[in-house]
Amino acid sequence: MGGYRILLLNGPNLNMLGIREPSIYGSDSLAAIVSELRTYARERGVELRDFQSNSEGALVDAIHDAFNWASGIVFNAGAYTHYSYALRDAISAVKLPVVEVHLSNVHARDEFRHKSVIAPVCLGVCAGFGRWSYFAGLQALLWHLDNKGQPEHSSKASP
Ligand code: DQA
């Protein structure tokens, strides 16, 4: 395991973690989670780059850009998860392995959160474990990369 470059991508309102509904999303800031996740990745020889945006287009651009350098993506698309066909198409376009993550258990919440339009084009989903969803998602992606190898086009991402 190691030598991969992973994009940690966070969508709308996740910049408000720590302030936003802490009973649902916890009291850690996104910066604190990213910093711990980066350490976790580094210990496994993995480079983690992170990007957060509240704009759908900027997230689409980040996915396109990842095509040029990333081995895979850990993605919390926030509310866009439930209705953004643009993000789904972006994932399909780059054909990178993507793990969908959510802090909360979306299936135990409002009906509209039960549906993910990106899930069918993702490797799998980690939801409901708070900040640990990100760690579980990253670990699952690394296992996948170790077992399946990197997609052909991302040979540029090899160390
Ligand atoms: C979320 C769940 C979404 O339904 C919600 O819109 C978010 C956060 C989560 O991490 O639990 O913004 O993706």
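Every number here is computed from the coordinates shown, using simple stated rules; none is lab data. Just so we're clear, the structure is a prediction, and the values are computed from it rather than from any experiment. Methodologically, a virtual Cβ is constructed for each residue, glycine included, from the backbone with ideal geometry; neighbour enumeration extends over all protein chains shown.
Worth pointing out:
- Rounded to the nearest 500, the 222 nm mean residue ellipticity of the chain from helices alone is -10500 deg cm²/dmol, with -39,500 (n - 2.57) taken per DSSP H run of at least 4 residues.
- Spatially, segment 106-139 and segment 1-57 are offset by 14 Å when compared through their Cα centroids.
- Close amide-amide hydrogen proximity is noted between L17 and L30, each under 5 Å apart and 5 or more residues distant or on a separate chain (H modeled in the peptide plane; Pro and chain starts excluded).
- Shape of segment 1-96, Cα gyration tensor, a/c cut at 1.5: oblate
- Amide H contacts of H102: C126, A127, G128, each under 5 Å away and 5 or more positions distant or on a separate chain (H built 1.01 Å from N in the peptide plane; Pro and chain starts excluded).
- Subtracting the Cα-Cα distance of E36 and S23 from 0.36 nm times their residue separation leaves 2.6 nm of extension gain.
- Selected from S84, L8, S27, residue furthest toward positive end of dipole (segment 5-157; charges at beta carbon): L8
- The distance between label points at E43 and D65 comes to 2.9 nm (points 7 Å beyond Cα on the Cα→Cβ vector).
- Relative to the dominant Cα principal axis of the chain, helix 132-148 is inclined by about 30°.
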